[in-house]
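A.B. asks: The structure follows.
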Amino acid sequence: MTSPGAESRHVLILGGTGEARRLAELLAAVPGLVTTSSLAGRVAEPRLPDGRVRIGGFGGADGLARWLREERVDAVVDATHPFAAVISAHAAEAARAVRLPLLVLRRPGWAAGPGDRWHWADSVADAAALLPGLGSRPLLTTGRGDLAAFAAASATFLLARSVDPPDPPLPPHVHVLLARGPFTVESERALLREHRIDVLVTKDSGGAATAPKLTAAREAGIPVLIVRRPPPPESVPVVATPAEAVSLLRAPRRTWPPPWGWPSPRGPGHGGSAP
């Protein structure tokens, strides 16, 4: 990949989310700014954002730091999924090593309302342990890589919804439904009725695209088992919307909150000048 010119500013967006695509779209309209969106490559047919796109991993924090230097990146935005804890940790470590500003873009989590029967778990494994006490015909929407945690589930029917085919090993009695949001309340109501679902298992991903399942569960009076999201890296600024991210990225570096004030002179082995 060719580095931006000397007069441009280069922002790396660690993406894969709707917020990341919207951020790339907004930044594409900022003169003199170049974006590269990095996708993990776990989805077979990802929705590509505006600007440059790279697909695949970096090889850990060291590999990411090396890429940031080579591509003369000026700032990094971690706009990955709220549960992508590994890449978020790598981004924080790499940005610190290269002395580049890092911003986390995270949509807010969901909040329970009147009539919701929510139960919280600290991990997918905890959710699997709690499941037998809540229902026997679950709808699992925790992602294709987490089904193995439910291998010991006593349920005789599990409906697992995923964008792509899930990773083995799969639990016994699992039925896989391949589907991509956004979903509607009507379609979620029909899904719960058709499969006689009596408990919903999900992650606190937040956002509107998959929230209708929560409304359908509330209307049906069934419990929802929700896995708490991991916290973002410590001491890193967090914003909730792409517009907030754009506002910070366009501001002079001297106005950025810590640790955005790191010195980062343009030159070999360093990041570039700030937007």
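The values are calculated or read from the model by the stated rules, or taken from the named source; none is laboratory data. Since the model is a prediction, treat every value here as computed from it, not as a measurement. Cβ placement follows ideal geometry from the backbone for every residue including glycine, while neighbour counts extend to all protein chains displayed.
A.B. asks: Answer yes or no: is there a residue in the stretch 210-230 that is on the phi > 0 side of the Ramachandran plot, of a type outside the set (Asp, Glu) and modelled with pLDDT of 95 or more. Break it down into steps so the answer makes sense when it comes.
C.D. replies: Here is the first cut: in the stretch 210-230, the residues on the phi > 0 side of the Ramachandran plot are 221.
Then drop every residue that is not of a type outside the set (Asp, Glu), which leaves 221.
Okay, now just the ones that are also modelled with pLDDT of 95 or more, so 221.
Checked against the condition, which is being on the phi > 0 side of the Ramachandran plot, of a type outside the set (Asp, Glu) and modelled with pLDDT of 95 or more, the stretch 210-230 yields at least one hit.
A.B. asks: Can you report the number of residues in the stretch 29-74 which are farther than 13 Å from ALA91 by Cβ, assigned to a loop (DSSP other than H, G, I, E, B) and touching a strand residue (DSSP E or B) at 6+ places or on another chain (Cβ under 7 Å)? Steps first, please.
C.D. replies: Just the residues of the stretch 29-74 that are farther than 13 Å from ALA91 by Cβ, to begin with: 29-37, 39, 41-56, 59, 66, 69-72, 74.
If we keep only those that are assigned to a loop (DSSP other than H, G, I, E, B) as well, we get 29-32, 41-51, 56, 59, 71-72, 74.
Then keep just the ones that are touching a strand residue (DSSP E or B) at 6+ places or on another chain (Cβ under 7 Å); that gives 32, 41, 46, 49, 51, 71-72, 74.
Result for the stretch 29-74: 8.
A.B. asks: Would you pick out the residues in the stretch 75-93 that are touching a residue at least 24 places away in the same chain (Cβ under 8 Å) and not in a loop (DSSP other than H, G, I, E, B)? Break it down into steps so the answer makes sense when it comes.
C.D. replies: Taking the stretch 75-93 first, the residues touching a residue at least 24 places away in the same chain (Cβ under 8 Å) are 75-85, 87-93.
The answer is ALA75, VAL76, VAL77, ASP78, ALA85, ILE87, SER88, ALA89, HIS90, ALA91, ALA92, GLU93.
A.B. asks: Quickly run through the stretch 138-162 and pick out the residues that are closer than 13 Å to HIS173 by Cα, surrounded by fewer than 17 Cβ atoms within 10 Å (Cβ to Cβ) and not aliphatic (A, V, I, L, M). Before you say what the answer is, go through the steps one by one.
C.D. replies: Residues of the stretch 138-162 closer than 13 Å to HIS173 by Cα: 138-140, 147-148, 150-160.
Then drop every residue that is not surrounded by fewer than 17 Cβ atoms within 10 Å (Cβ to Cβ), which leaves 148, 151-152, 154, 156-157.
If the condition is that a residue be closer than 13 Å to HIS173 by Cα, surrounded by fewer than 17 Cβ atoms within 10 Å (Cβ to Cβ) and not aliphatic (A, V, I, L, M), then SER154, THR156, PHE157 are the ones that fit.
A.B. asks: Now a separate question. List the strands (runs of 3 or more DSSP E) that sit entirely inside the stretch 94-206 and contain at least 2 residues that are closer than 26 Å to GLU45 by Cα.
C.D. replies: Working: elements: 102-105, 118-121, 138-141, 158-162, 174-178, 199-203.
Counting at least 2 such residues, we get 102-105, 138-141, 158-162, 174-178, 199-203.
A.B. asks: Looking at LEU26, is it among the hydrophobic types (A, V, I, L, M, F, W, C) and part of a loop (DSSP other than H, G, I, E, B)? Show your work before the answer.
C.D. replies: Details: among the hydrophobic types (A, V, I, L, M, F, W, C): yes; part of a loop (DSSP other than H, G, I, E, B): no.
No.
A.B. asks: Can you find even one residue in the stretch 42-54 that is among the small types (Gly, Ala, Ser) and closer than 17 Å to LEU248 by Cβ? Full working, then the answer.
C.D. replies: Of the residues in the stretch 42-54, the ones among the small types (Gly, Ala, Ser) are 44, 51.
Imposing the further condition that a residue be closer than 17 Å to LEU248 by Cβ reduces the set to none.
Checked against the condition, which is being among the small types (Gly, Ala, Ser) and closer than 17 Å to LEU248 by Cβ, the stretch 42-54 yields no hits at all.
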